[in-house]
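Report on one structure; see the data block that follows.
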Amino acid sequence: MLAYDPVTKWSDEFYNHLRKFLLQSNIITSNRNDILLKNSYFNYIMNKINNLIIIPNEIDRGQIDTHLIQHIVGLIHKLIKDINLELNIFKLSLSSHVKSLFHTIVLITLTKFYFDEQKNHFNTVLLTVKTREDNLLEYFILMIVADTSYDEEFSAKLVSGVYEQLAIILKQDAQQIIDAQIHKQNTLNRITIQTECDSDIRRASDDEVSSGEVDENLTNKGKCMSTLLYLYFSQQPIPSTFIAFDKTYRLKQDIIDTFKMFGTPNQGMSFNHLDTNGIKLKLLQKLRDCEVKCSCCGRQCDADHTISTTAEGSEHNKHSCQTGHQLRAMGGIKYEITNAAPLSMCEKLKDNDLITNKDGNIRQKWSEFKNQHSDWTFDTNNMSKSELLRIRAKYTVVWAKIGEKLHLTAAIKEFIRLRSKIVSFDRITIMVFGEKYQTFCFNKELCNIPPFTLNIPVGNGTNFHNVFKLVNDVIKEFNSTNYMLELQNTIIFMSDGQAEYPEEELETLKTQHGRIILQFWTVTLGEKDMTVLEKINTKMNGEYRNITNSEDIIQTYAKIAIS
């Protein structure tokens, strides 16, 4: 892998030599079209357009309007920029011919979608005329031919016509109500959704959940009622309990009986039937909004690009994180040597700070990074100091909940990678425990471990009795299926909690399986009282590793893997 370092610039002569070497070597085939896999980019463009227009679980398609075109043009500009950034290491960039091909495929595809949209509308109009053909013909005969009597048929059709007109009037009234409500919510966008989610995070960060003041209960019950009505009109089962902000509300029996008395709602009452202006699809498209992520921290853009008619990412319609950037670690960034998680945010970086991209193959100054990503606004001048502190506190709360699991997942993957290089036929069993326990990757070869994360619910407490009973059972089961072999076992026991000393289970482990336990490692995390864990380690004649920062987990597991 080539690592570009801006501190030691490459000469033009070296660039020319590098390009010639790549073209003349076997690294690249004789077909120069293989240098840039244009087909994959065309497929990417087509998939993006399809996902924007064809919305899952919706019969109707999104409309081809100015906002959609603006969004797609922004995606094309982003694609071209990303390709040029990859080619920049060779002092190359996309030609105008290739860029024009990208725009051409978008134009052709949107034209086809727009044609289908207008064709479907025209066919709908023709179908309406076709269904009313007999009525119109009879009315024409009645008006032209003398002494023609269609009293009975005409009366029935007149009533049917009045019914249809009433339905049209009701639809128009319903559409006006929908439009009025949507107008009140004209600020609905990703930022408002994030703000609502932020309040959930703040509630989740509290150690104790309040019993609920009057205003809070009213708000929660309002959300429950909205959910109840949605389930009823969408003809879904109505549960007896609802949860709002970690609080459970039980539906009274008389309310349940009332909804049963209502029966099944008429399909004509559905929102899609009344929404003649396609408001629902427009809202879904608006909430999905910009998909571009910050190249520094990985947070999704939350700018309202509909304010401007220019392309997304252009000079007057740049991408931004208006509610603040996230910790760089949340975007998958890690330090090059230590693999530790960087807990800095984009707003805190200085122009002369050196940063690396997500792949770790480009190192450059923050000022140069911002110039390369000029389609983004990285500053947060729109936010006050208190708002920035609140954002940082929010991400600190989130990282406190997921950071250790992410580090531990990465540590186990690094352990597997290093160990498989040393002994490829090693096998592994991974157990996750708390109040409860779960086992996955049971007795798997290191080379056949599927992708995994440790986001497994096992409760908040800790029970050492259960986990060491499980260790005994796993070793016993493995030995029963491999009785001809007496394979050595290494146990890595990691915990950051306190629990009762598992005397009986440890005694069983040592007496029944002690001779085939080659190594026993006790890894602790945190600064709590580790008396019980140290006692467990002493009982098993193990080696003890205390980790104070979760960032050091990877290095610790790497050392164990090669020991």
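Report the Cα centroid-to-centroid distance between segment 98-129 and segment 320-336 in angstrom, as an integer.
Measuring centre to centre over Cα atoms gives 39 Å.
In square angstrom, rounded to the nearest 10, how much accessible surface does THR66 have for a 1.4 Å probe?
THR66 has an accessible surface of roughly 100 Å² with all protein chains in place.
Per-residue accessible area for CYS447 at 1.4 Å probe radius, Å² rounded to 10?
90 Å²
Using amide H atoms built 1.01 Å from N in the peptide plane, name the residues 5+ places from ILE547, or on other chains, whose amide H lies under 5 Å from its own.
THR524, LEU525, GLY526
Measuring from label point to label point, each 7 Å out along Cα→Cβ, what is the ILE243 to LYS91 span in nm?
About 6.0 nm, to one decimal.
Please list HIS67, HIS103 in order of solvent-accessible area, largest first, computed with a 1.4 Å probe with all protein chains present.
So, going from the largest accessible area down, we get HIS103, HIS67.
I'd like the Karplus ³J(HN,Hα) series for segment 113-121: coefficients 6.51, -1.76, 1.60, θ = phi - 60°, whole numbers in Hz, and an x wherever there's a Gly or Pro.
Running phi through 6.51 cos²θ - 1.76 cosθ + 1.60 with θ = phi - 60° gives 4, 5, 4, 4, 4, 5, 5, 4, 5 Hz.
Starting from the alpha-carbon convex hull of segment 289-383, give the projected area averaged over all orientations, in nm².
With the hull built on Cα positions only, its mean projection is 6.2 nm².
Compare the Cα positions of ILE449, ALA561, VAL398 along the charge dipole of segment 398-562 (+1 at Cβ of Lys, Arg; -1 at Cβ of Asp, Glu; about the Cα centre) and return the one farthest towards the positive end.
Farthest towards the positive pole: ILE449.
Quick query: amide H of ILE492 versus all other amide H atoms, modeled in the peptide plane; which residues come in under 5 Å with a sequence gap of 5 or more or a different chain?
TRP521
Sort MET261, MET225, MET431 from largest to smallest accessible area, using a 1.4 Å probe on the heavy atoms of the protein chains.
MET261, MET225, MET431
Mind listing the phi-derived Karplus ³J(HN,Hα) values for segment 370-375, rounded to whole Hz, using 6.51, -1.76 and 1.60 with θ = phi - 60°, and x for any glycine or proline?
5, 5, 5, 10, 6, 7
Work out how much length GLN194 to ILE55 would gain on full extension: take 0.36 nm times their residue separation and subtract the Cα-Cα distance, in nm to one decimal.
Computed gain between GLN194 and ILE55 is 47.9 nm.
Decide, for segment 88-133, between rounded, prolate and oblate: order the square roots of the alpha carbon gyration tensor eigenvalues as a ≥ b ≥ c, take rounded if a/c falls under 1.5, and otherwise choose prolate if a/b is larger than b/c, else oblate.
The shape class here is prolate.
Going down the table (LYS119/LYS280; LYS444/LYS476; LYS318/LYS350; LYS293/LYS370), which pairs top 18 Å between alpha carbons?
Beyond 18 Å between Cα atoms: LYS119/LYS280; LYS318/LYS350.
Would you mind checking the pairs LYS78/LYS405; LYS91/LYS334; LYS469/LYS535; LYS20/LYS334 and listing those with alpha carbons more than 22 angstrom apart?
LYS78/LYS405; LYS91/LYS334; LYS20/LYS334
What order, most packed first, do the peptides 324-332, 401-409, 114-122 have when packing is the mean number of other Cβ atoms within 10 Å of each residue?
Sorting 324-332, 401-409, 114-122 by mean packing, highest first, produces 324-332, 401-409, 114-122.
How large is the accessible surface of SER160 in square angstrom, using a 1.4 angstrom probe and rounding to the nearest 10?
50 Å²
The values are calculated or read from the model by the stated rules, or taken from the named source; none is laboratory data. As the structure is a computational prediction, the values presented were derived from the model and not from experiment. Neighbour counts run over all protein chains shown; Cβ positions are idealised from the backbone, glycine included. Accessible surface is based on the protein model in full, side chains and every heavy atom, while ligands, DNA and RNA are left aside. Shrake-Rupley method; radii C 1.70, N 1.55, O 1.52, S 1.80 Å.
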